[in-house]
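S.K.: Structure in structure tokens, see below.
Read-outs: derived from the displayed coordinates by stated rules, not from any lab. Every value quoted in this text rests on a predicted model; they were computed, and no experiment measured them. Heads up, the Cβs are rebuilt from the backbone with ideal geometry, glycines too, and the neighbour counts pull from every protein chain shown.
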Amino acid sequence: MRNVAALTKRELVAYFLSPMAYIILTVFILLSGYIFFEILSMSQRADMTGIISFMAWLLLFVSPMLTMRLFADEFESGTIETLMTAPVTTLEVVLSKYLASLVFLLVLIVPTTVYAGILFAFGAPDPGPIVAGYFGLLLVGAFFLAVGMVASACVRTQISAAIVTFIILLSMDILRFLIRTDAVDPLSKAMRYVCFSNHFFGVFTKGIIDSRDVVYFLTTSVFCLFLTTVVVTVRKWR
């Protein structure tokens, strides 16, 4: 764990020394704040369903930019060789990069809890959907980052990593438009399960925390971390 902590600190420093990090943070907060007040002015309801859903969509665009450099930059610059010859395992490297991206995800999301504070200051919102919504937002964000890490480990350039991540996530969401809600054949069930939108929108945003949806995001994220470890190990010896 000492190695993971040291490597995570290294990755966080790299994040916050990059101008891109501050651009992403600024755009995320400004856009989410604008949409929050727009939704509030139109609905006149002390409710965060709309803004939490919007932030989830925003993370779909932001996550590829957060993960694109994690491995692609290491392979492109050649620093991966130095990193891998250090007394650390591939799993420790993968975990440290993932933890650093999760910390930055929290840096993005935590300031938006001010919106909830505004609702409680001037209204009487139901805390259940807000808590569940933010919990789901963290889960879906963690899943997006895990997918982005796999893409970053598979390609050679940061731009390619971002594009591949976005295409994968968008494709997984498009699945919900390709299957009928009443379809019960095995293929439709599998496609319905793979689509992350079915496990977030209309579930966490309504205040529902279903263990099946939690397991979906946790298992898919862990699988992506495992896949990243395998890919990095294979590329290291090529």
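S.K.: For the chain, place one equal point scatterer on every Cα, skip the solvent, and apply the Debye formula. What is log10 of I(q)/I(0) at q = 0.12, 0.16, 0.18 Å⁻¹?
M.R.: Treating every Cα as an identical point scatterer, log10 I(q)/I(0) equals -0.72, -1.16, -1.35.
S.K.: Now for a separate question. Roughly how many nanometres apart are two label points built 7 Å out from the Cα toward the Cβ at VAL234 and VAL110?
M.R.: So the label points at VAL234 and VAL110 sit 3.8 nm apart.
S.K.: Extension gain SER160-ASP126, at 0.36 nm per residue separation less the Cα-Cα distance, in nm?
M.R.: Contour length minus Cα-Cα distance gives 8.0 nm.
S.K.: FRET efficiency for ARG2 and THR26, Cβ-Cβ distance as r, R0 = 35 Å, nearest 0.05?
M.R.: After rounding, the FRET efficiency stands at 0.55.
S.K.: Continuing with the same structure: What does the charge count around ARG69 come to, taking other residues whose C-beta lies under 14 Å from its C-beta (Lys +1, Arg +1, Asp -1, Glu -1)?
M.R.: -1
S.K.: Applying a 10 Å radius around every beta-carbon, put 53-63, 107-117, 206-216 in order of their mean neighbour count, most first.
M.R.: Taking the mean over residues of other Cβ atoms within 10 Å, the ranking is 53-63, 107-117, 206-216.
S.K.: Quick one: length gained pulling PHE37 to SER18 fully straight, 0.36 nm per residue minus the C-alpha distance?
M.R.: Computed gain between PHE37 and SER18 is 3.9 nm.
S.K.: Mind pulling the angle between the C-alpha long axis of helix 158-178 and the longest principal axis of the chain? Nearest 10 degrees, somewhere in 0 to 90.
M.R.: 40
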